[in-house]
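*Asks:* Pasting a structure here, questions to come.
Readers should treat all values here as calculations from the given coordinates under stated rules, not as data from a laboratory. Predicted model only: the values in this text are computed from it and were never measured. Note: ideal-geometry Cβ built from the backbone for every residue, glycine included; neighbour counts use all protein chains shown.
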Amino acid sequence: MSPEYPFDEAATARAVIDDVGTVIQWNEGARRLLGWTADEVVGRPAARLLADSAPEVSGPRWHGTVTLRLPGGRTKDVWLLAHHRRPADGGPGHWLVVTPLEPSAPRSPDDPLNAASLIQSPCALAVYDEHLRLHTLNDAMARVIGLPAERAQGLRISELGGKPQNEELERHLLQVLSTGQAQDVQTFLRSGGEDRAHAWLARMAPVIDAEGRVRGVCLAAHDISENHRARQRLQLVNEASVRIGSTLDVTRTAQELADVCVPVLADFVSVDLLEPPRDGRAAVGRHLRAGVAAPGRAPVGESGLPGGDGQARGRGVAPRRLPPGRLAAGGPDHRGVPRRRHPGAMAGRGRRPP
């Protein structure tokens with residue numbers, strides 16, 4: 001036992017062998033497995049424990065079954081897992097060789113850990129039968145779909161979600177059921193147990209019986225929203241580096257800035273530009289607004305900002321004269337309403353308001 005692992009370390013037979021082939025560590029689990037004490041093994045060649053020739057090892061990891069010598073001339077076949085480890089200081093490496101000891105008693109099929117592997121797993125898991133109807137799901141998946149297990153069982157995934165994305169997932173489930181080949185599918189949807197849409201990675205694998213027949217499909221859902229948002233931000237940065245600054249014209253650059261930001265970052269963007277004052281007169285602006293108020297958003301008013309003088313929702317905003325120096329671009333929200341622009345309202349053309 002140790003502070004890092006306050007349990008019986010001897011439940012694993014463990015030995016450490018240096019790169020020369022000498023045993024440098026031998027734990028109590030190894031003594032229980034083979035009968036040799038540490039004094040009889042440590043400092044001696046590990047090859048003396050082998051009844052046959054040493055296996056060929058290539059790479060930093062190896063596993064396989066070898067025949068080992070026991071006291072009294074007996075032998076025993078043992079499965080071993082070996083890892084080659086190099087110290088951080090660059091010194092000589094060594095091999096960590098381990099194998100689990102056989103359990104003292106067979107595990108009961110009623111062992112709660114067996115059920116916990118599915119029911120209490122933090123990963124959302126569901127199993128669909130040969131007709132692609134929900135057979136089993138764990139607590140995490142029940143929270144995702146927003147239904148208790150006893151109510152959800154027997155339904156298809158397209159019926160559980162009722163969205164086009166669920167129908168697409170069902171088509172992939174059918175492909176896995178028909179071909180026996182696993183698939184990974186990424187989708188973006190709001191499930192029944194969520195208040196907003198998430199990015200999901202659905203990993204689907206066939207459930208195969210002892211005769212090799214596909215009896216269903218197992219689906220594991222992973223929330224990848226953070227990675228999805230990170231990719232979106234990186235894509236926006238890349239797009240901005242390409243689209244903004246294509247010319248030396250400041251008005252065109254401002255328009256490109258507004259175009260990149262709508263609708264990814266906002267429903268409406270305005271950029272104020274002022275021409276340098278001449279002969280002591282005030283600066284003068286030179287453009288029109290091109291925009292649309294998204295459904296559920298306040299329309300753009302005379303001020304050029306959302307929430308202005310209009311009361312309608314989801315309708316286009318006619319080009320109007322803006323305060324001096326105001327360049328604007330409007331667009332839809334993330335729900336994908338088509339963006340509308342008014343001909344002749346591109347600030348990059350350098351037109352003055354009529």
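*Asks:* In 10 Å bins starting at 0, how do the alpha-carbon pair distances of the range 144-251 split up by percent?
*Replies:* Going from the shortest bin to the longest, the percentages are 12, 33, 26, 14, 8, 4, 1, 0.
*Asks:* Continuing with the same structure: THR65 to SER121: FRET efficiency via 1/(1 + (r/R0)^6), r the Cβ-Cβ distance, R0 30 Å, to the nearest 0.05?
*Replies:* 0.45
*Asks:* Counting pairs of alpha carbon atoms under 8 Å apart in space and at least six apart in sequence, what relative contact order in percent does the range 175-249 give?
*Replies:* About 24 percent, as a whole number.
*Asks:* How high is the FRET efficiency between ARG213 and LEU50 when r is their beta carbon distance and R₀ equals 30 Å, given to the nearest 0.05?
*Replies:* 0.10
*Asks:* Would you mind getting me the FRET efficiency between THR37 and LEU96? Use the beta-carbon distance for r and R0 = 25 Å, nearest 0.05.
*Replies:* Once the sixth-power term is evaluated, E becomes 0.80.
*Asks:* Quick one: order TRP79, TRP36, TRP62 by neighbouring beta-carbon count within 10 Å, fewest to most.
*Replies:* In increasing order of surrounding Cβ atoms, one gets TRP79, TRP62, TRP36.
*Asks:* In what order do PHE268, PHE188 fall by count of nearby beta-carbon atoms within 10 Å, going from fewest to most?
*Replies:* Listing PHE268, PHE188 from fewest to most nearby Cβ atoms yields PHE188, PHE268.
*Asks:* Measure off 7 Å from each Cα along the Cα-to-Cβ vector at ILE24 and ARG86, then give the distance between these two points in nanometres to one decimal.
*Replies:* The modelled label-to-label distance comes out at 1.5 nm.
*Asks:* Find how much the distance from ARG151 to SER108 grows on full extension, using 0.36 nm per residue of separation minus their present alpha carbon separation; answer in nm with one decimal.
*Replies:* Full extension of this stretch gives 12.5 nm more.
*Asks:* A further question follows. So, in nm, how far is label ARG196 from label ILE224 when the simple model puts each one 7 Å beyond its Cα toward the Cβ?
*Replies:* Placing both labels 7 Å along Cα→Cβ, they lie 2.0 nm apart.
*Asks:* Which net charge results for the neighbourhood of ARG215, defined as the other residues with beta-carbon distances under 10 angstrom from its beta-carbon, given Lys and Arg at +1 and Asp and Glu at -1?
*Replies:* -3
*Asks:* Further question: If the chain between VAL78 and VAL250 were fully stretched, how many nm would it gain, using 0.36 nm times the residue separation less the Cα-Cα distance?
*Replies:* 54.4 nm
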